[in-house]
Amino acid sequence: MFILNQSFSAKDSQRIANRISLSSIVGNILLSIFKALAGIFGHSAALISDAVHSASDIVSTIIVMVGMHCSAKEADADHEYGHERIECIAAILLSVILGITGVGIGISGVKTIASASYRSIQSPGLLALIAAAVSIVVKEIMFQYTRAAAKRIQSTSLMADAWHHRSDALSSIGSLLGVLGARLGWGICDPIASLIICLFIFKAALDIFRDAVRKVTDTSCSPDVEQQMRDAALSVPGALRVDSLRTRQFGSKLYVDMEIAADGKLTLYESHHIAEAVHDKLEHDFP
């Protein structure tokens, strides 16, 4: 078995992820406080829900940091293939927390609509409108920044955290529309915005969960890619056929198990040389 495409070491990836994560934590703390105060003093339930969403980002980012730290550990006697799957577990935990947050916000919005209590709520102030607009811009910047780093180091959990930022930006759009509608006299717009936020959050949680499960269950390469690997191996002089090929993707790595056949009259040294040539050919053709 051999591994293709490992552009960053585990320690380098962890260092990059930690820098991004610390920035996210500081940004989300400040943004959560700002939106919560703006929601309270600006009389907007949607903005308070949005503040809770941003606060949940702090927990998710901590999970990402812990997951990256654990997955970067070297292989040991009990884990001879390393600890990489811990990062996927961290992403699954993140999706669960995100989903619970979304459901909680949705339930609150439904209760407000069912009880018609929005009719007695004071119209949101200009501060709430400004806070929602600021949140959209800040969270979109955080999303782009985190996603770029996640792509660079091919991190599942960091990419999940990036989409958590994007879901927060989308929920802030819902807050903005809800506050704007309520200021125009349509008080029901505020709790409806909370329901829209709930759907965005739950969709993000489901996408993160699916991606993490796909990676932890060793998804293979596409049939086309595997056929290209067979063709590459058979182009090496001395490789007569490919008896077995198994692949699995994980983060920035592509694991390949391949068995090839060679002339039985060759010496062990000559056969080994052919196998090494196939190994080098695949690493060259599939970077």
Can you send over the solvent-accessible area of Thr156, 1.4 Å probe, protein chains only, in Å² to the nearest 10?
-> 10 Å²
Could you work out the longest stretch of the chain that avoids the GluC sites (Glu not before Pro) located in DSSP loops with at most 16 other Cβ atoms within 10 Å?
-> 81-287
When ligands, DNA and RNA are left out and all protein chains stay put, how many square angstrom of accessible area per residue does region 130-262 have with a 1.4 Å probe?
-> 46 Å²
In percent, what relative contact order does region 89-225 have, based on Cα pairs under 8 Å that are 6 or more apart in sequence?
-> 39 percent
When the chain is modelled as a GNM with alpha-carbon springs shorter than 10 Å, which of Met229, Met65, Met142 fluctuates the most?
-> Met229
Averaging 1/r across every pair of distinct alpha carbons in region 80-235 and inverting yields a Kirkwood hydrodynamic radius, in angstrom, of 17.9 Å
Counting only complete DSSP H runs, which helices of the chain cover 20 Å or more along their long axis at the Cα atoms and score a mean Kyte-Doolittle of 0.5 or above?
-> 10-41, 45-71, 85-115, 126-153, 189-216
How many nm is it between the label spots at Lys203 and Tyr145, if each spot is 7 Å from the Cα in line with the beta carbon?
-> 2.5 nm
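Under the definition of Cα pairs under 8 Å and six or more residues apart, what whole-number percent is the relative contact order of the chain?
Values: 464 pairs, mean separation 65.4, N = 287.
Relative contact order here is 23 percent.
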Probe 1.4 Å - accessible area at His284, Å² to nearest ten | 140 Å²
Once you've got the GNM for the chain with C-alpha springs shorter than 10 Å, pick whichever of Ser167, Ser222, Ser60 has the biggest mean-square fluctuation.
-> Ser222
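What is the percent carbon and sulfur in the accessible area of the chain, measuring with a 1.4 Å probe over the protein chains and ignoring ligands?
Working: 9340 of 14560 Å².
About 64 percent, which is the carbon plus sulfur part of the accessible surface.
May I ask you to give the average projected area over all directions of the convex hull of the Cα atoms of the chain, in nm² rounded to one decimal? Each step should come with its number before you reach the end.
Details: hull surface 69.7 nm².
Its Cα hull, projected and averaged over all orientations, spans 17.4 nm².
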Contact order normalised by residue count of region 48-89, Cα under 8 Å, 6+ apart, percent | 33 percent
Estimate the FRET efficiency between Asp78 and Trp186 by the formula 1/(1 + (r/R0)^6), using the beta-carbon distance for r and 51 Å for R0, to the nearest 0.05.
-> 0.30
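Once a ≥ b ≥ c are taken as the square roots of the eigenvalues of the Cα gyration tensor of region 31-111, is the result rounded (a/c under 1.5), prolate (a/b larger than b/c) or oblate (a/b not larger than b/c)?
Details: a/c = 7.75, a/b = 2.69, b/c = 2.88.
Taking the square roots of the gyration eigenvalues as a ≥ b ≥ c, region 31-111 is oblate.
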Could you work out, for region 156-287, what percent of all Cα-Cα pairs fall into each 10 Å distance bin, beginning at 0 Å and stopping at the bin that holds the largest distance?
-> 11, 26, 18, 14, 12, 10, 6, 3, 1
Any aspartates and glutamates whose Cα falls less than 12 Å from that of Lys281, other than same-chain ones fewer than 8 residues away, would be Asp231
Calculated FRET efficiency for the pair Ser244/Val110, C-beta based, R₀ 45 Å, to 0.05 | 0.25
Sorting His43, His69, His165 on solvent-accessible surface, 1.4 Å probe, most exposed first, gives His69, His43, His165
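The values are calculated or read from the model by the stated rules, or taken from the named source; none is laboratory data. The model shown is predicted, which means the values in this text are computed figures rather than measured ones. Cβ sites come from the backbone with ideal geometry, for glycine too, and all protein chains shown count toward neighbours. With ligands, DNA and RNA removed, areas are computed over all heavy atoms of the protein, side chains included. Shrake-Rupley method; radii C 1.70, N 1.55, O 1.52, S 1.80 Å.
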